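Worksheet: one structure, shown below.
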Amino acid sequence: MKDYTIVVLGCGVMGTAVSSAILKAKFEPYPARIIGCTNSSSTNALLESSLQHEIFEYSYGVEANTKAVSEADIIILGCKPYMYQQIYEEIKSGLRGDQLLISLLAGTTISELEIFTPYVAKVMTNTPARFGAGTAAIAFSKLAEEKYEDLVLKLISPVGEAFKIDEKNMDAATALIGSGPAFCLLMMESLIEGGVRMGLPWEVAKLSAAKVMEGTAKMALETKEHPAILKSKVCTPGGTTIGGLLKMEDAGVRSGIARGVEEAARISASFAKK
Ligand SMILES: NC(=O)c1ccc[n+]([C@@H]2O[C@H](COP(=O)([O-])OP(=O)(O)OC[C@H]3O[C@@H](n4cnc5c(N)ncnc54)[C@H](OP(=O)(O)O)[C@@H]3O)[C@@H](O)[C@H]2O)c1
């Protein structure tokens, strides 16, 4: 595909995060235009103030968005999951049947999204995408996989790390990747509060907690070691770390977090059944 146009249909938090990542990246073939679509002029004005680039354009309202869709080779769908059918009805006269749809929606299945086109890639990513530190799991419809797998990986990889999964695992990915930042932030808050409780100034505790989480993630990724092995290496016999870990295990931190992921995946699966 050459000199192609991407329309971000629903350019809110996630649509902007993915657009920003693409605009900061270099790859071939690169899009010639990206059009960010919103419903209202007020959100569009906010988009214009937060995202500016020579190939990025703005659109709002049914008429302009339908025109944008008719000019699109690729549509990135970034609306809330419950809105996709209404938006489909609004813009369907702009669809050609050969366009690629990249969906960022939680829950909504590939077969539901095939009303737009048979070429569907379902992406589950997260808000750190905005900083190039996101994670993206991608499942494809059969036709999209055959024709567009490489292009979708090139477009989505700039969010951070992108990989293919089976659609049956999308609810688990939604819980771990989509909701994951909130789970990590809860852990970050807890570390900060522990530090503050023991006398650290809040800013120092926040910087320490964030860097510890960042550094630990980097260590796990770069060494490729199992977390349990890395953890045992910092547990001096009779020391502070093993003491702290046992208190956390007593409070059920491990199963609390694992069950939280399970619950988020269960809720994601229930969206698809509605
Ligand atoms: N936020 C996360 O952490 C996260 C993580 C993983 C996945 N997701 C998925 O990402 C998707 C988007 O979430 P979000 O948080 O980015 O939502 P959001 O910020 O509310 O963005 C939704 C966008 O859709 C636009 N929109 C609404 N109606 C429209 C219409 N008729 N035509 C065109 N655009 C329309 C909105 O514009 P107006 O403001 O003008 O209405 C807004 O720009 C969701 O499906 C969610 O499941 C989100």
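Read the figures in this text as sums done on the coordinates, not as results from a lab. These numbers were taken from a predicted model, which means no experiment stands behind them. In this analysis, Cβ positions are derived from the backbone assuming ideal geometry, glycine residues included, and neighbour counts consider all displayed protein chains.
Residues in the range 112-128 that are assigned to a loop (DSSP other than H, G, I, E, B) and buried (at least 20 other Cβ atoms within 10 Å of the Cβ): 116, 125, 126. For beta carbons closer than 6 Å, sequence separation of 6+ or different chains, a first residue in the range 189-201 that is free of Cβ contacts under 8 Å to residues at least 60 places away in the same chain and closer than 16 Å to residue 211 by Cα and a second that is surrounded by 10 or more Cβ atoms within 10 Å (Cβ to Cβ) and basic (Lys, Arg), the qualifying pairs are 192/206. When the range 119-159 is examined, which residues are found to be away from the ligand (no atom under 15 Å from the Cβ) and among the aromatic types (Phe, Trp, Tyr)? Scanning the range 119-159 gives 119, 140, 148. Of 144, 136, all but one fail to be in contact (Cβ under 8 Å) with a residue 24 or more places away in the chain, part of a strand (DSSP E or B) and crowded, with 23+ Cβ neighbours inside 10 Å; the exception is 136. Within the range 87-102, identify whether any single residue is within 19 Å of residue 154 (Cα to Cα), in contact with a Phe, Trp or Tyr (Cβ under 7 Å, 6 or more places away or on another chain) and within 15 Å of the ligand (Cβ to nearest atom), and answer yes or no. Within the range 87-102, one or more residues are within 19 Å of residue 154 (Cα to Cα), in contact with a Phe, Trp or Tyr (Cβ under 7 Å, 6 or more places away or on another chain) and within 15 Å of the ligand (Cβ to nearest atom). The residue of the range 223-266 that is farthest from residue 172 (Cα to Cα), among those that are touching a residue at least 40 places away in the same chain (Cβ under 8 Å) and aliphatic (A, V, I, L, M), is 257. What is the residue count in the range 160-186 for residues that are within 13 Å of the ligand (Cβ to nearest atom) and either part of a helix (DSSP H, G or I) or β-branched (Val, Ile, Thr) (or both)? Residues meeting the conditions: 14.
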